[in-house]
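Structure, as structure tokens:
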Amino acid sequence: MDRITLFVDLLLPLHLKGYYTYRVPYEWNDDIKVGQRVAVQFGDKKIYTALVRHIHQMPPQGYTVKYILQIIDNEPIVNEIQFTFWEWIANYYLCYPGNVMAVALPSAFRLASESKVLIHPDYEGDFTNLTPNEFRIVEILSKQNVLTLDEVTSITGLKNIFSLIKTMIEKKLILLEEELIERYKEKKETYIKLAETYTENETAFKELFNSLEKKSFKQMQVLLRFIQLTTHKPVKEILKNELTKIEDISISSIQTLVKNGVFEVFEKTESRLLSYESQNEVSSITLSEKQQTAFEQIQEQFTKNQTVLLRGVTSSGKTEIYIKLIDQCISQGKQVLFLLPEIALTSQIINRLRKYFGDKVGVYHSRYNDHERFEIWNKVLEAGDLSTSKYQIILSARSGIFLPFHNLGLIIVDEEHDSSYKQYDPAPRYSARDAAIFLAHLHNAQTLLGSATPSLESYYNAVSGKYGLVELLNRYGDVQMPEIWVADLKEETRKKTMKSHFSSMLMNHIEEALANKEQVILFQNRRGFSLRLECDGCSWIPQCKHCDVSLIYHKGINVLRCHYCGYTTKIPEKCPACQSTVIKMQGFGTEKIEEELAIFFPQARITRMDMDTTKAKNAYQKIISDFEKHEIDILVGTQMVTKGLDFENVSVVGVLNADNMINFPDFRSYERSFQLMTQVSGRAGRKNKQGKVIIQSYNPWYQVIRDVIDYNYLSMYQSQITERKAFHYPPFYRLIKISLRHKDEKELNKIASKYAEELRKIFGERILGPEFPMVARVRTFYIKEILIKLEKTVNIPKLKIQLSELTDAFLQAKPHKQTRIVFDVDPM
């Protein structure tokens, strides 16, 4: 390959169509490989990290090709299956491969370019006619050759340095160049060990000890401490800070011992990831008769179907079955991906998995920092050589599907019904559950979907034979399902037995649980303190200035906040419309529930779990751990508390406002209400104690509430599947939601109508809209939506290609260039 002219097609992490071709310098011909990162200039000055997709000898036509600037990796970091998977996601979800790369690769892999300031080669050192700032910069550059823009800002004290830089470039005083910045930094730790003179020679060590005993008590003390700390260690070395953090140890004494050659100080590169050891053998798990039957049925179904649905009621022991299947898979030298919908669930499951699999288990999710995600990626990448890789099992939220698996044998999607598996923004707007099934297909692996309340689509696929179906309909140990009661809020309001937002029925059961030293979970699917403020005089409601939504009051930080764009503002002292000072709070969120419970139950330990209280990396883990240890009596939360958490001492669960879920204007609201209420009900009752669930509603006779009370999934399924078929919804039809966004409302109306006309030429009556959604403006952009319903009998891939081509052509027209068009395939 010596003098062959090679070209590479590169994937850039940008919203751009297709791949871009670059030239490979001759001297790198033998080094270039598909899947490596390379640095390239894209545009006039910007340098990007790109991935090599193809290597070939066909020069592009019509333009002069640029050279790649650098090969970053010795070996590929992305494999062929990943590329195929990313391209499938891009095609299926109507986005670009660059969008997928931007989401898939940890940001530490995406090197950034930073502008550097250099002396212009033609500058002759004339300091006349320079401004004070120009003089300072030139003077420093004459000594240290290069400055970053941040350093220039610091030197000049200017907030905006770009006009100064522009002027200096025009005067030919300086040049700007781009330099790649490596985001990942290895973790270095400083260690101390005893010099070989004293480890190999016992006489020398005794002489040293005697000498220190006479001359320096403090140095002798350091030496004694070192010996104590390393006595039981196979390698006689310790972290330097293990010594320095001891109170009676002097840092100067350590430094003297190093200077005198007693200690040697050295650095080691260490992993940021914690190490764990397994405590139990998987063989120690004894399945119940029903679990064993389900386990054998899953294995049998896998001989006929690549995907199997396990419908197992809450607390039926699905996790033990998962562990047995994982053990079988990794014993064959294969990898396992275990997907969970919420990061909150990982802390409980990870402890159970590590008990049996120790260091073979890795965790990967968005709360890990860039460096940790980088290390985990590399651990999975090494899995081709199982002797060096620890991570045969990855526990992850949806982003785990993008890891560089080489030999994936099993994917488990727990709580497969959960809408959190869907990525909403930015593109790709993928479903991790559906994408996982295709990923398993690429690896010839098996997929197990698990849920107590499967999605209608998955259950339909199972009963129609597309998936295998296994059902586990009894709780482990034959523990009784919770007793479910409905509190009639209309009746309690009439009788004046309500205490704020709590029915007398719920209050009585909470009191009883607390008296028995039992725990309570309360579910309210709204965070914040009050859902809105409203003027008592004119009904004015504070609105977000960027979005068409009312602001939510957060008492903890005493602000009004938009849950769409994050805009915050202070509480108005008076109504800006009528000047009234009487502004009342309407509705309630988790923050208000937490505060009012403290008034009614002053002795109870109450904690809230929602997005506001779990922003920190380990906040979920801390709350769940405290609840498990019974350091919390009442846990108030949003959807986070409904999902797969397992607590032994919860006797009462309260659903505070069922009506909000049921009446939400969406074709999935009935299904989702059933799932949420059933899932949160499943947190109540364990072992020999039957739990109680109180559902508060103004209409106790909703059919969905009756189905929840009877644990009648099939009733819910039959009623909804009939409606879905009649009104052309999934699983019988595919949906594509198209959102058009523009800052001018009138312009958007015209453009949306014109775009819909063009769509109808291809899709005919399958087009619904355009219409404004419930929230018609977000982040200053007005939104109009179009829905396409495609029957499964048509050639959907072909229609998607036509949709993409039509949209690209439409956006090329000058009047439409300010419009954003966003596709959401299979919207949730």
### Message
Being more than 25 Å from SER550 (Cα to Cα), modelled with pLDDT of 90 or more and open to solvent by 60 Å² or more (accessible area, probe 1.4 Å) narrows it down to one residue among LYS792, LYS817, LYS798; which is it?
### Response
LYS798
### Query
Mind checking which pairs have a first residue in the stretch 493-519 that is on the phi > 0 side of the Ramachandran plot and open to solvent by 30 Å² or more (accessible area, probe 1.4 Å) and a second that is assigned to a helix (DSSP H, G or I) and aromatic (Phe, Trp, Tyr), Cβ under 9 Å, 6 or more apart or different chains?
SER500/PHE600
### Message
Suppose we keep only residues that are surrounded by 24 or more Cβ atoms within 10 Å (Cβ to Cβ) and in a helix (DSSP H, G or I) within the stretch 680-703. Which one would you say is nearest to the chain's Cα centre (by Cα)?
### Response
VAL680
### Message
Suppose we keep only residues that are assigned to a loop (DSSP other than H, G, I, E, B) and aromatic (Phe, Trp, Tyr) within the stretch 85-96. Which one would you say is farthest from ARG429 (Cα to Cα)?
### Response
TYR96
### Query
Could we say that ASP150 is under 30 Å from THR128 (Cα atoms) and among the charged types (D, E, K, R) here?
yes
### Message
On the basis of being farther than 24 Å from VAL641 by Cβ and modelled with pLDDT of 95 or more, does ASN407 make the cut?
### Response
no
### Task
Output the number of the condition that THR581 fails; it satisfies all remaining conditions of (1) without any contact (Cβ under 8 Å) to a residue 40 or more places away in the chain; (2) crowded, with 21+ Cβ neighbours inside 10 Å; (3) polar (S, T, N, Q).
(2)
### Among (1) open to solvent by less than 70 Å² (accessible area, probe 1.4 Å); (2) closer than 21 Å to MET507 by Cβ; (3) modelled with pLDDT of 85 or more; (4) in a loop (DSSP other than H, G, I, E, B), the one test that HIS630 misses
(2)
### Message
I'd like to know if the stretch 65-84 contains one or more residues that are part of a helix (DSSP H, G or I), out of contact with any strand residue (DSSP E or B) (no Cβ under 6 Å at 6 or more places or on another chain), touching a residue at least 60 places away in the same chain (Cβ under 8 Å) and open to solvent by 60 Å² or more (accessible area, probe 1.4 Å).
### Response
no
## Note on the structure
Going through the stretch 32-51 in order, the residues found to be assigned to a loop (DSSP other than H, G, I, E, B) and over 23 Å from THR84 (Cα atoms) are PHE42, GLY43, ASP44, LYS45, LYS46
### Task
Specify the residue that is surrounded by the fewest Cβ atoms within 10 Å (Cβ to Cβ); the eligible residues are those in the stretch 603-620 that are modelled with pLDDT of 80 or more and over 26 Å from ASN660 (Cα atoms).
GLN603
### Task
Quick one: LYS490 ticks every box in (1) surrounded by 16 or more Cβ atoms within 10 Å (Cβ to Cβ); (2) at pLDDT 85 or above except a single one, so which number is it?
(1)
### Task
Would you mind telling me which numbered condition in (1) within 18 Å of PRO665 (Cα to Cα); (2) basic (Lys, Arg); (3) open to solvent by 60 Å² or more (accessible area, probe 1.4 Å) LYS784 fails?
(3)
### Message
Which of the numbered conditions does LYS725 fail, given that it passes all the others? Conditions: (1) closer than 28 Å to SER458 by Cα; (2) open to solvent by less than 40 Å² (accessible area, probe 1.4 Å); (3) not acidic (Asp, Glu).
### Response
(2)
### Whichever residue in the stretch 150-190 is modelled with pLDDT of 75 or more and touching a Lys or Arg at 6+ places or on another chain (Cβ under 6 Å) and, among such residues, is surrounded by the most Cβ atoms within 10 Å (Cβ to Cβ)
ILE155
### Summary
HIS54 meets each of (1) in contact with an Asp or Glu (Cβ under 8 Å, 6 or more places away or on another chain); (2) open to solvent by less than 70 Å² (accessible area, probe 1.4 Å); (3) in a strand (DSSP E or B) with one exception, condition (2)
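Looking at the stretch 586-602, which of the residues that are surrounded by fewer than 21 Cβ atoms within 10 Å (Cβ to Cβ) and free of Cβ contacts under 8 Å to residues at least 60 places away in the same chain is farthest from ILE349 (Cα to Cα)? Talk me through it step by step, then tell me what you get.
Narrowing the stretch 586-602 to residues surrounded by fewer than 21 Cβ atoms within 10 Å (Cβ to Cβ): 586-588, 595-596, 598-602.
Now restrict to residues that are free of Cβ contacts under 8 Å to residues at least 60 places away in the same chain: 586, 598-599, 602.
Details: GLN586: 38, ALA598: 31, ILE599: 35, PRO602: 33 Å.
Among those that are surrounded by fewer than 21 Cβ atoms within 10 Å (Cβ to Cβ) and free of Cβ contacts under 8 Å to residues at least 60 places away in the same chain, it is GLN586.
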#### Entry: Residue in the stretch 647-658 that is assigned to a loop (DSSP other than H, G, I, E, B), surrounded by 18 or more Cβ atoms within 10 Å (Cβ to Cβ) and hydroxyl-bearing (Ser, Thr, Tyr) present
no
#### Entry: Matching residues, the stretch 413-456, being of a type in the set (Asp, Glu), touching an Asp or Glu at 6+ places or on another chain (Cβ under 9 Å) and either surrounded by 22 or more Cβ atoms within 10 Å (Cβ to Cβ) or assigned to a loop (DSSP other than H, G, I, E, B) (or both)
GLU415, ASP418
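The values are calculated or read from the model by the stated rules, or taken from the named source; none is laboratory data. The model shown is predicted, which means the values in this text are computed figures rather than measured ones. Reconstructed Cβ throughout: ideal geometry from the backbone, glycine too, with neighbour counts over all protein chains shown. Side chains included, ligands, DNA and RNA excluded: accessible areas come from the protein's heavy atoms. Shrake-Rupley method; radii C 1.70, N 1.55, O 1.52, S 1.80 Å.
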